[in-house]
Every structure is written in structure tokens, then in C-alpha cells.
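First up is the structure itself, then whatever we jot down about it.
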Amino acid sequence: MTPTITAFERSPDGGKGLARDTRVRWALEEIGQPYEVRLVSFQALKAPAHLAHNPFGQIPTYQEGDLSLFESGSIVFHIAETHAGLLPDDAGARARAITWMFAALSTVEPPILEIVTARFLEGDKPWSQARLPLIMDRIRGRLVQLSDRLGDAEWLDGAFSAGDLLMVSVLLRLRASGLLAEFPALAAYVARGEARPAYQRAFEGQLAVFNSQSQGN
Ligand code: GTB
């Protein structure tokens with residue numbers, strides 16, 4: 001059964017692939033699973049029909065027959081668990097790859113999201129400018145640790161896995177801040193992820209949505 005995912009009707013990132021449908025698209029492209037995309041407006045995100053699929057009124061969601069999922073990490077995990085190619089067969093290696101999925105979403109991504117909070121949600125507060133350097137240093141701390149662990153390896157633990165897919169997706173959001181460039185090994189790691197044909201297809205897919213919506217107005 002062809003799954004359907006949701007994405008922004010008009011992504012605020014201008015087609016840069018930073019919204020979280022891209023990581024789900026990427027996972028589906030990696031395993032060669034065709035999918036459909038249902039575009040959702042900001043207004044529709046908060047309407048009952050969408051809230052039935054995601055109680056927090058966000059994208060992405062994933063529907064496959066009777067199964068309805070939300071949370072990009074859970075969706076990528078489901079895809080990786082039910083198809084070959086994103087998680088190793090060996091039990092130990094599989095557990096470690098899953099650990100990297102959690103590390104990406106619960107250890108590396110949270111401080112990165114604080115940049116958005118400080119710049120946009122709290123940008124008008126008098127303490128916002130003073131907070132930003134603290135956030136940047138906290139992120140730097142994580143990146144030092146991650147870069148040390150990666151070393152000169154191609155991927156985090158052997159072959160490319162869903163752990164790398166999520167880690168690269170999370171790190172991509174740092175490019176505009178200049179922080180990624182401070183860590184050449186991580187910048188090269190992200191570039192390797194972006195160079196994967198599956199990522200390219202995912203990126204083009206989301207960009208096509210942005211371009212078609214822009215032309216419509
Ligand atoms: N933990 C959830 C997950 O991983 O699925 C978080 C989902 C989430 O934050 N979804 C965002 C959303 O639906 C889109 S991706 N927001 C609408 C809302 O909450 O009302 C976050 C995002 C948005 C915009 C950019 N950007 O413009 O660069 C990047 C990422």
C-alpha cells in the first residue's frame with residue numbers, strides 16, 4: 001500500500017528542505033518506496049481533520065492503510081524497521097543505529113532548535129540577543145563531541161543507517177548559522193548525506209512543491 005505523508009503547502013524555509021517532511025521523504029527514497037504527499041496549509045494543520053492524525057497540529061504525518069503516525073523520528077523508525085536498508089541486520093549494530101537516531105533527536109537537535117526560539121519566537125525580548133551566544137556555545141559543545149566520535153569515519157557506526165539520516169537532517173539546520181563550517185569533519189559528513197541520490201530525490205520533491213506553490217501566486 002502506498003503511504004501518504006503530509007508536508008507544508010507552503011514551507012517557510014523557501015524550499016531549502018529544512019521542514020521535517022524532508023527526512024521522511026529521504027527515508028522513503030532510500031528504501032525505494034513510492035509515496036504520496038498531502039499538502040496542508042497552516043490553517044488546516046490546526047483543524048480537527050489533521051489533529052486526528054497529529055494532536056500537535058504539525059507535519060509530517062504518515063498514513064499507510066489503517067496506520068496513522070506522527071513524529072518524524074517515529075515515522076523514520078517505522079520505515080526503517082519494516083524495510084531493508086536503513087538498519088543493520090546484526091542485533092548489536094541495529095541497536096547502536098537506533099541509539100544514533102535517538103541521539104540525533106534528543107541530544108543534538110534540541111539545542112539547535114533553540115536558535116529558532118531565540119531568533120524568532122523570542123526575538124523581541126530584551127534578553128534575546130544576549131542569549132544567542134550562550135545557545136551557540138552549547139551547540140558547539142555538542143558538535144565537538146559528535147565530531148570527536150565521528151573522527152574520519154564515513155558514517156557514525158559502519159554503514160549508512162537511519163541514525164545517519166536523522167543526524168544529517170538535524171545538522172543541516174545549522175548551515176545558515178555558520179556553525180557547521182566550524183567543524184570540517186561534520187560539514188563533510190553532512191555533504192556526504194546530501195550527496196546520496198535518495199537525499200537528492202527527497203530534496204527535489206520538496207522543492208518541486210515549493211516552486212509549484214510559488215508559481216500559483
Ligand atoms: N517533533 C516533531 C517531529 O519531529 O515530527 C516536530 C514537528 C514539527 O516541528 N513540525 C513543524 C510544523 O508542523 C514543521 S518542521 N510546524 C507548524 C506548527 O507547529 O504550527 C519545523 C520547521 C519549520 C520551518 C522551518 N523553516 O522554515 O526553516 C524548518 C523546520
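The loop-placed GluC sites (Glu not before Pro) in the stretch 132-212, going by DSSP, that have at most 15 neighbouring Cβ atoms within 10 Å of their Cβ come out as GLU154. Residues considered: TRP155, TRP26, TRP127. Largest GNM mean-square fluctuation over the chain, using C-alpha springs under 10 Å, is found at TRP127.
Computed extension length for GLU182-ARG38: 48.1 nm, one decimal, from 0.36 nm per residue of separation with the Cα-Cα distance subtracted. Share of pairwise Cα-Cα distances greater than 19 Å in the stretch 86-217 is 56 percent (whole percent). Quick note on the stretch 1-65: its Rg to Rh ratio, both from C-alpha atoms and Rh being the Kirkwood radius, is 0.96. The fraction of accessible area contributed by carbon and sulfur in the chain is 55 percent, rounded to a whole number (1.4 Å probe; ligands and nucleic acids excluded). With all protein chains kept in place, the per residue accessible area of the stretch 91-196 amounts to 49 square angstrom at a probe of 1.4 angstrom. Taking ILE135, ILE75, ILE59 in turn, the Gaussian network model of the chain (Cα-Cα springs below 10 Å) assigns the largest fluctuation to ILE135.
Between GLN206, ALA176, GLY32, the Cα set farthest toward the positive side of the dipole of the chain (charges on each charged residue's Cβ, about the Cα centre) is that of ALA176. If R0 is taken as 41 Å, the Cβ-Cβ distance between GLU122 and ARG94 corresponds to a FRET efficiency of 0.55.
Using the Cα centre as the reference, give the magnitude of the dipole from point charges on the C-beta atoms of the stretch 91-196 (Lys, Arg: +1; Asp, Glu: -1; all else neutral), rounded to the nearest 20 debye.
On the way: 13 positive and 12 negative charges, 26 e Å.
I would put it at about 120 debye.
Which of VAL37, VAL144, VAL24 ends up with the largest GNM mean-square fluctuation for the chain, with Cα atoms connected below 10 Å? Most flexible of the set in this elastic network: VAL144.
Helical runs assigned H by DSSP (4 residues or longer) give the chain a calculated mean residue ellipticity at 222 nm of -16500 deg cm²/dmol, each run adding -39500 (n - 2.57) before division by the residue total.
Does the stretch 1-143 come out rounded, prolate or oblate by the C-alpha gyration tensor, with a ≥ b ≥ c the root eigenvalues, rounded set by a/c under 1.5 and, if not, prolate when a/b is larger than b/c and oblate if not? Because a/c hits 1.5 or more and a/b fails to exceed b/c, the stretch 1-143 counts as oblate. Across the stretch 2-19, rounded Karplus estimates of 3J(HN,Hα) from the backbone phi angles (6.51 cos²θ - 1.76 cosθ + 1.60, θ = phi - 60°) give 6, x, 10, 10, 10, 8, 4, 4, 9, 6, x, 7, x, x, 7, x, 8, 6 Hz, Gly and Pro being marked x.
The values are calculated or read from the model by the stated rules, or taken from the named source; none is laboratory data. This structure is a prediction, so every number in the text was calculated from the model and none was measured. So basically every Cβ, Gly included, is an ideal-geometry build from the backbone, and we count neighbours across all protein chains shown. Note: accessible area is taken over every heavy atom of the protein model, side chains too, but ligands, DNA and RNA are not part of it. Shrake-Rupley method; radii C 1.70, N 1.55, O 1.52, S 1.80 Å.
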